[in-house]
Amino acid sequence: MQSFRALLILLFISLSTFKTFAQIPLSDKAEISVLTCGPGNELYSVFGHTAIRIFDPAKNINTVYNFGTFDFDTPNFYPKFVKGDLQYFVSVASYRDFIYEYQYYGRDVYEQTLNLTKYQKQQIADELNGTLFSDKKYYTYKFINRNCTTMVADIVNKQVTISLENSDSGKTYREIIYSYLQDNHFYENLGINLLFGYKTDKISEKLFLPKELMEGISNTKTKNGQPLAKSTKTIIEKTEQTKGFSFINSFYSYLLLIFLLLILTIKKAGYNTYLVFAGLMGLLFCFVSLYSSHNELLLNYNILLFNPLFIIIAIFITKNKKTLLKRLIYISFILLAVYLALTITKVHIWLMLPLLLVNSVALIRKMKAIPTTN
């Protein structure tokens, strides 16, 4: 019992000491910088990462604040992620440990030292530490609106308004995301474009990816006309080997799959099975769109491509219902035509045309199978 009390006292002193240390005023030598990490090969790292560093040699502070931390052991992790209820949180690490991790994985790291007044630096440090030691430490992750980059941008924006000018200016959210998934991420790109809805086709209005924020900071001037980025340094140059061409995760395997589906739908059992599958996909998109609080998943017009009516069409085989069946098929063709009109100018149209072909062929074969006599 005595040892347990001693442990609690030690823990309390340790936490109190750290909190006091964290709130200590910065010296004139203190620097605030934004760290931009390049993309990795894995999907979770393909968009890069943003963190913020406080360096004060006079106070022996060299800390990196990371808003991209989450716990895989969170109960119902994947349902919460899809729904938009997954809690991310801010964590801290020494600069040395942070850099070591990215050296290990061979990913780029750039550092932009911000041209701020001592008061502005203190404000940022106080906000970071206040967040770390309060309920604000946790936030609900949103792919575009609230992530590791936007959280850092929001903190800096309170001191200096960051320019929105960057190489992605004028592009839609979908176009920006699409450009990051060109190499060895074909099916991830396909899946994202199937799940993302109408709102991602709007022109981007914020800096939501690390590269964008880095460029925005480079294009920003302070009130006295000085560049916001006092200096930009390359801390690590990329050494990670890019994965070689993968036939499995490519447009070529996708075309092979489409060809196999077209063969499958030659037979009655094949096109009926496919129509049921396509209809279930449509129901899934409906459910996710209604269930999730991610704005990117709302108003998903891919429901027109994977129409839940396909399920009814597949099972409507009785002769006395052939007129209704034809009407449902005609309605489905109209919906496919509307879908084509909506996506013909979109960046992902080439991903969707093969699926549009398979769905059309399956409907045509179903139409031909309708008895012509009573």
Worksheet item: What residue among 338, 282, 323 has its Cα farthest toward the positive end of the dipole of the range 252-346, where the charges are +1 on Lys, Arg and -1 on Asp, Glu, each on the Cβ?
Response: 323
Discussion item. Once you order the gyration tensor axes a ≥ b ≥ c over the Cα atoms, which shape class does the chain get: rounded for a/c under 1.5, otherwise prolate or oblate by comparing a/b with b/c?
Written reply: prolate
Worksheet item: To the nearest 0.05, what FRET efficiency results for residue 256 and residue 312 with a Förster distance of 30 Å applied to their C-beta separation?
Response: 0.50
Practice prompt. Grab the Cα-Cα distance for residue 145 and residue 126, subtract it from 0.36 nm times how many residues apart they are, and report the gain in nm with one decimal.
Written response: 4.5 nm
Worksheet item: lysines within cross-link reach of residue 202: Cα-Cα under 24 Å, excluding same-chain residues under 8 positions apart?
Response: 83, 142, 171, 211, 346
Worksheet, complete the sentence: Partner lysines whose C-alpha sits under 20 Å from that of residue 118, ignoring same-chain residues fewer than 8 away, are 29, 59, 158, 221, 223, 230
Item to complete: Provide 59, 223, 29 ordered by accessible surface of protein heavy atoms (probe 1.4 Å), highest first.
Response: 223, 29, 59
Discussion item. Need the list of lysines near residue 368 for cross-linking: C-alpha distance under 25 angstrom, and skip anything on the same chain fewer than eight residues off.
Written reply: 267, 268, 319, 321, 322, 326
Worksheet item: Assuming R0 = 45 Å, what is the FRET efficiency of residue 293 and residue 364, from their Cβ-Cβ distance, to the nearest 0.05?
Response: 0.70
Worksheet entry | Mean separation of Cα contacts under 8 Å, 6 or more apart, over the residue count of the chain: relative contact order % | 17
Worksheet item: Kyte-Doolittle mean at least 1.0 and Cα extent at least 24 Å along the axis: which DSSP H helices of the chain qualify?
Response: 2-22, 268-291, 322-343, 349-368
Worksheet entry | Assigned charges on the beta-carbon of Lys, Arg, Asp, Glu; the chain dipole about Cα centre (debye) | 1580
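The values are calculated or read from the model by the stated rules, or taken from the named source; none is laboratory data. Small disclaimer: the values here were computed from a predicted structure and weren't measured. Cβ sites come from the backbone with ideal geometry, for glycine too, and all protein chains shown count toward neighbours. These accessible areas exclude ligands, DNA and RNA; they are computed on the full protein's heavy atoms, side chains included. Shrake-Rupley method; radii C 1.70, N 1.55, O 1.52, S 1.80 Å.
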